[in-house]
Each structure stands twice: as structure tokens, then as C-alpha cells.
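Worksheet: one structure, shown below.
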Amino acid sequence: MLKLYKENKMFRVLLTYRFFSAIGSAMFMFFILLSVHLLYENPIYTGIAGFLMVVPSMFSFAIGPIVDRRNKITIMRFTTFLEFLVLSLLAFTPLQEQLGVLFTFAIIFTFSVGVLFESPASRAFLPQIVHEKKIMEANSLISIVAMIGGIAIGAVLFTSLGGDISFSFLYGVSAIFVALSFVTSLFMKNVNKKDYEEKPTFSSYLRDLKDGAKFIRHTVLFYFLIAIVVVSLATEIAFVNRPMFLEYHAGAQGYVLYALVSLIGGVVASSLMGKLGNKFKIGKFVFVLFVLTGIARIIFTIVVPIDLILGLISMVFYAGVGTAIGIIYSSLEQKVPPNDMVGRVGTISSTFSAIAATIGALAGGFLGSIVSDVAHIFIFQGISYILIGMALILVPSVRKMPIMDGIKKVDNGDAETENEEENLTESYTEH
């Protein structure tokens, strides 16, 4: 992975950009739910906040053609600047105190709209500057750098804040990191300008959407999309109840501690995926990862009320295997489609998962207010992961998938692998 970093200048710039952007965004998304929970102590409000985080992503499908046909660097610059502005309003003005929860909801929604454009633009930019065989390695390195940064910042906050959390200070730190990502984007350069020469029309826009949906339908990405949709539903139900669950058993500071150790698990998993991820057949590997994630979540739910150390260990493992799944899915979305279709494929996928997450956020807020023990929600999440893994391995085209390096980009609905004599074409196409 270090070789890729040393030899590819533009990847180094993108890596730095993602480092600052990930820290700024993650800090905001993480603490905003906790602040809503602590300030208003209303599970419905927490559910609405989670809902507003994901509802813009329901329209991701409409963003894909824009990302594919427009200057991706310009999109990243504009959106990070927008994110900086709204975070500054939240951190450096008294508007939150004066306007209350409605102002907070407006900030969450606006920030999420910015991420709606920024995230697919940065994902679509990666395959243009990194060789397709290095996609998983690049994603792993991006994940490692972002998580290490999160650990460093989180550790400083954890030790300096104690039990008195200043959310304005946290949002200010988030704004600073987003501003740094904007500055870094100024050093990016386009590698292939022909993607931006064609003037899009409404008919071409609709055609792009149709082609992206058709592509997903006829490749193995279709089955992974179904799995991610179910994961998004179950995970969001649990996610909006996590502040209440952890704050009750570990306190607000313990909530931060659990976030830190989850980043550690992510770093370990990302490092292993960068070195070993290409050695396993994708279909069977994903099955094992889903089952392990579900088991880890159930164990986490059981041990958190009993022992802090056991809870932290289970969180590390859960976050690690979950991160590995995310790296594989992101790599497939960037590796399988042609470069000029990466944006569409990614945003169509984001739309469906966002719809599920939106439903999950609202359902989670409702369930959190009526269930006798929110631990049952996390057990349900763990069981859903296990069932998803079992369902995926039953699909022949998933089960026969080769290693990541054995997969090439699919053009015109035709797929091939580097080892044609093994006749593994069906391993990542439906037909």
C-alpha cells in the first residue's frame, strides 16, 4: 500500500482530502445524534435526526449522471465549502440556542445534501487515478488514514473534555477539518477531461439513469445491493438507539470511548484487507464476514451491560468485520462498472440503501420509545446480518465469485475474468 502512496501523486492528494473530509464529517455525524439525545431526551427527536441524515441519499440516483458528466473536482470543492459554512453556523453562532431543535434539523439536512454530492464524486474520481488492480488497496489505505485521524482526534477530545462535553467546540473542530479538505481539493487536477466535454441533455440524463440501473440489474452488484439494503434498514434502527443504549450503560464519555475503539477495529481490518483482501474468493469471504458481524453484534449487546472491557473488545471485532464488508462493496462498485458509469452505479445503490435507512431511522425512533429493553433491537440487527450472509451464499453467481483481482470491468453487459479457462464468467454476472 505504501508503494501506491509513493508512486501516485494525485492519489496522495485525494488521500489527504479524504483524511480531512472523513474526520470533519464523521465528528459531526457522530456527535450530532448524541447532542440531540442529551439536549432533548426524546427518542422521536433522535429518530428524526437520523432520518434527516439519510433522507437526502434517497435522491442519490439523480446525482449519478451529474457526477459522471461533470468535473468531479469542482463538485468536491463546492460541497466541502458548503459543509464548512453550515458547520460554522452551528459552531460559532448562538442560533442553535435561539432556534432550538428545528435549527439543528436544518443543519443536519443541509450538511447531508452536501455529502450527497461529495461522496460519489470522490468515489468516481478514484478509478480515474488508480489502476483497477489497485482499487481495493487504495480503498483500504483511505480507510486506514481516515480512521487513524479519527482515533487521534477522538483521543484528544476524550482526555480533554472529561464528562463535560462542549458540542459547539466539537462542531468547530469539525468545521476546521472540512475547511482543510476544501483547501486540499484546490491541489487536485483532472486526469481525463473528456468526461466533462459532452454537454448533457435531459434525454441523455434519463438514458444515463436507465443504463446505470440496467447495469446493476444484470451483474452481481444486484445481489449485493439487496444485501446492503437490508443491512441499512437493520443498522439504522439500531444506530438511532445507540446513544441511548451506550449512554445508559457507559455514560456520555463511554459513548466516545466506544467510538474510538470501533475506529481501531476499522484500522486493523483495513490494514488486513489491503494486504490479504485479494487472496480470498469474494463470495465465500463475504458470507463469512456477514456471519461474523452478526455474531459480534449479538455478543456486544450481551456483554456491554456486564463488563466495559468485554464490551470494547466486542466493538473492535464488530467494527472490523463491518469495515471489511464495506471495503469489498465499495471496491466492487468502482471495479466492476466502466469508469464513466461508476458515479451512476454508486448513487443508484446509495438511493436504495438510503430509502431503507430512512425507514430504519423513523422505525428506530419509534421502537426506542416503546420497547422495554433496547438491547433487543441490537440482537435483531445481529440476526439480520447472519441471515443476509446465508442468503448471499445461496446465490450461485455470488458463491462462485473469484478473488477481487480476477474481476475485470464489465462492458456492454459482458463480463470476463482473467482466468477464462475456469469459466467463471457467471461468478459476477447474472446471465
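The values are calculated or read from the model by the stated rules, or taken from the named source; none is laboratory data. On a predicted model such as this, the values are computed, not experimentally measured, just so you know. Reconstructed Cβ throughout: ideal geometry from the backbone, glycine too, with neighbour counts over all protein chains shown. We work out accessible area using only protein heavy atoms, side chains counted, and drop any ligands, DNA or RNA first. Shrake-Rupley method; radii C 1.70, N 1.55, O 1.52, S 1.80 Å.
Determine whether segment 389-411 contains at least one residue that is modelled with pLDDT under 85, open to solvent by 60 Å² or more (accessible area, probe 1.4 Å) and touching a helix residue (DSSP H, G or I) at 6+ places or on another chain (Cβ under 7 Å). No; the residues of segment 389-411 include none that is modelled with pLDDT under 85, open to solvent by 60 Å² or more (accessible area, probe 1.4 Å) and touching a helix residue (DSSP H, G or I) at 6+ places or on another chain (Cβ under 7 Å). Looking across 23, 66, one residue alone is open to solvent by 30 Å² or more (accessible area, probe 1.4 Å), assigned to a helix (DSSP H, G or I) and over 21 Å from residue 233 (Cβ atoms). It is 66.
Test residue 297 against the criterion of being more than 22 Å from residue 387 (Cα to Cα), in contact with a helix residue (DSSP H, G or I) (Cβ under 8 Å, 6 or more places away or on another chain), open to solvent by less than 20 Å² (accessible area, probe 1.4 Å) and part of a helix (DSSP H, G or I), and give yes or no. It is false that residue 297 is more than 22 Å from residue 387 (Cα to Cα), in contact with a helix residue (DSSP H, G or I) (Cβ under 8 Å, 6 or more places away or on another chain), open to solvent by less than 20 Å² (accessible area, probe 1.4 Å) and part of a helix (DSSP H, G or I). The set of residues from segment 85-125 being modelled with pLDDT of 85 or more and over 20 Å from residue 52 (Cβ atoms) comprises 121, 122, 125. The residue that is nearest to residue 174 (Cα to Cα), among those in segment 61-92 that are over 19 Å from the mean Cα position of the chain (by Cα) and among the aromatic types (Phe, Trp, Tyr), is 84. Looking across segment 349-367, the residues that are surrounded by fewer than 24 Cβ atoms within 10 Å (Cβ to Cβ) and of a type outside the set (Ser, Thr, Tyr) come down to 352, 355, 356, 359, 362, 363, 365, 366, 367. Residues in segment 300-344 that are more than 28 Å from residue 130 (Cβ to Cβ), open to solvent by less than 30 Å² (accessible area, probe 1.4 Å) and not hydroxyl-bearing (Ser, Thr, Tyr): 6 in all. Residues that are part of a loop (DSSP other than H, G, I, E, B) and at pLDDT below 75 were ranked within segment 193-235; the one that is most open to solvent (accessible area, probe 1.4 Å) is 199. If you filter segment 236-281 down to residues that are open to solvent by less than 20 Å² (accessible area, probe 1.4 Å) and among the hydroxyl-bearing types (Ser, Thr, Tyr), you find that the one that is farthest from residue 34 (Cα to Cα) is 270. Tallying residues that are within 13 Å of the chain's Cα centre (by Cα) and β-branched (Val, Ile, Thr) within segment 324-350 yields 4. Inside segment 371-388, residues that are open to solvent by 20 Å² or more (accessible area, probe 1.4 Å), hydrophobic (A, V, I, L, M, F, W, C) and at pLDDT 85 or above make up a count of 5. Taking the criterion of being under 29 Å from residue 348 (Cβ atoms) and open to solvent by 40 Å² or more (accessible area, probe 1.4 Å), the residues of segment 26-60 that qualify are 26, 29, 48, 51, 58, 59.
With respect to the stated conditions, residue 363 fails to be hydrophobic (A, V, I, L, M, F, W, C), within 14 Å of the chain's Cα centre (by Cα) and part of a helix (DSSP H, G or I). Within segment 347-360, the presence of at least one residue that is under 14 Å from residue 219 (Cα atoms) and touching an Asp or Glu at 6+ places or on another chain (Cβ under 9 Å) is confirmed. Among the residues of segment 73-91, is there at least one that is open to solvent by 10 Å² or more (accessible area, probe 1.4 Å) and in a loop (DSSP other than H, G, I, E, B)? Within segment 73-91, none of the residues are open to solvent by 10 Å² or more (accessible area, probe 1.4 Å) and in a loop (DSSP other than H, G, I, E, B). Test residue 275 against the stated conditions and say whether it is assigned to a helix (DSSP H, G or I), within 19 Å of residue 145 (Cα to Cα) and among the basic types (Lys, Arg). Yes; evaluated as a whole, the condition is true for this residue.
In summary, residue 313 fulfils each of the numbered conditions (1) at pLDDT below 90; (2) over 21 Å from the mean Cα position of the chain (by Cα) with the single exception of condition (1).
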